[in-house]
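The values are calculated or read from the model by the stated rules, or taken from the named source; none is laboratory data. All values reported here derive from a predicted model rather than from experimental measurement. All Cβ positions, even for glycine, are placed from backbone atoms using ideal geometry, and neighbour counts span all protein chains on display. Calculation scope for accessible area: heavy atoms of the full protein, side chains included, ligands and nucleic acids excluded. Shrake-Rupley method; radii C 1.70, N 1.55, O 1.52, S 1.80 Å.
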Amino acid sequence: MDAWMPRVIFNLIFALLVWWLHRGVGKYPPSLLGSADRKREMWEVAILYGIALSFSTFDRLYFTPWLQASIPGPKLQELVRVPVLSLIYAVLPIIWVMRVNGWEWKDLGFTFRSKSKDVSIFALTLGAVTGLVAFLSGKSNLGLQALPPGVLILLFYNNAILEELFYRGVLQAKLERGIGQQAAIVWGGILFGLKHLALDTTALSESSGCLAVLLALMLQTLSGWLLGMTYMKTRSLWPGIICHYLGNWLPSFMLYSQVVFLK
């Protein structure tokens, strides 16, 4: 049990931070207008999420192993992933909401005008602190490796921008129109957590057991709630994008800088 205590404590601290963001940092803006056809919104969320989940399974089982066997180096591998990931997480959802639902670009959250500076500062600080803790502790959900700048730039797009666009800018916004503001955050976070868990269940269960799977689900869902609240309160994707990126990849940047400095 002692080996699990750091993860349990980290999850509890993260849960308290999510609660603090929910209750004590910034204010929720007026909810988006409800859809005229709420059931249709839910079906569209299910379809888009199902496509993304199916691709994630295909990616883990076939596409990523093929890339690693056929394409030399992580930079070229991430470059090959750009058009594929863009199709699933950006092109298809954007065409859907703009052509079918009549959204405009501003509805997707691509604005630098945050509705809450306090929430933006909170998110950026938390992302940096989370990444720093992962670096200092040597423990990261994505694994610690010194990645060069080219790879880290591609990951800013492939990981942070695309995931925040899809899960917050599209799915959460559609959920808000269908079931309301608070329920959208709750279910958006759960969908985010389940998607990541689907990628990690086999490896976690085989190497660390069921408790690792449960803690991973809890942490990913908490992350989805935190990023969802950040997007909801700021009405901008950028604070969440940067928080997401720093939490995932700041350790790799620091490891690479350390290697370069020690040379």
| task | Treat the chain as a sphere of radius equal to its Kirkwood radius over Cα pairs and apply Stokes-Einstein at 4 °C in a medium of 1.567 mPa s; give the translational diffusion coefficient in µm²/s, rounded to a whole number. | result | 68 µm²/s
| query | Going by accessible area, probe 1.4 Å, with all protein chains left in place, what is the ranking of Ser54, Ser223, largest first? | reply | Ser54, Ser223
| query | For Trp20, what charge total do you get from the other residues with a beta carbon under 13 Å from its beta carbon, if Lys and Arg give +1 and Asp and Glu give -1? | reply | +1
| Between Ser257 and Thr111, what FRET efficiency follows from the Cβ-Cβ distance if R0 is 45 Å, with the result rounded to 0.05? | 0.90
| note | For segment 148-197, the percent of accessible surface on carbon and sulfur atoms (probe 1.4 angstrom, ligands and nucleic acids excluded) is 80 percent
| field | Length released on extending from Val91 to Thr125, taking residue separation times 0.36 nm less the Cα-Cα span | value | 9.2 nm
| message | Could you check the spin-label model distance between Trp43 and Ile190? Points 7 Å from the Cα along Cα→Cβ, value in nm. | response | 2.1 nm
| field | For Met254, solvent-accessible area (1.4 Å; no DNA, RNA or ligand), Å² | value | 50 Å²
| query | What figure in square angstrom, to the nearest 10, would you give for the accessible area of His244 with a 1.4 Å probe? | reply | 20 Å²
| message | At 0.36 nm per residue, and after removing the present C-alpha to C-alpha distance, how many nm does the segment from Leu214 to Thr57 gain when stretched out fully? | response | 54.6 nm
| task | Report the chymotrypsin sites (Phe, Trp or Tyr not before Pro) located in segment 41-123 that are in a DSSP loop and have at most 16 other Cβ atoms inside 10 Å of their Cβ, or state none. | result | Phe110, Phe112
| query | Any idea of Phe166's accessible area? Nearest 10 Å², probe 1.4 Å. | reply | 0 Å²
| task | Return the subset of Lys174/Lys195; Lys139/Lys233; Lys115/Lys139; Lys75/Lys174; Lys106/Lys233; Lys27/Lys106 for which the Cα-Cα distance in this structure is over 22 Å, preserving the input order. | result | Lys139/Lys233; Lys115/Lys139; Lys75/Lys174
| remark: When every protein chain stays in place and a 1.4 Å probe is rolled, Ile94, Ile121, Ile185 sorted by accessible area with the largest first are Ile121, Ile94, Ile185
| remark: Summing -39500 (n - 2.57) over every DSSP H run of at least 4 in the chain, dividing by its residue total and rounding to the nearest 500, the 222 nm mean residue ellipticity is -22500 deg cm²/dmol
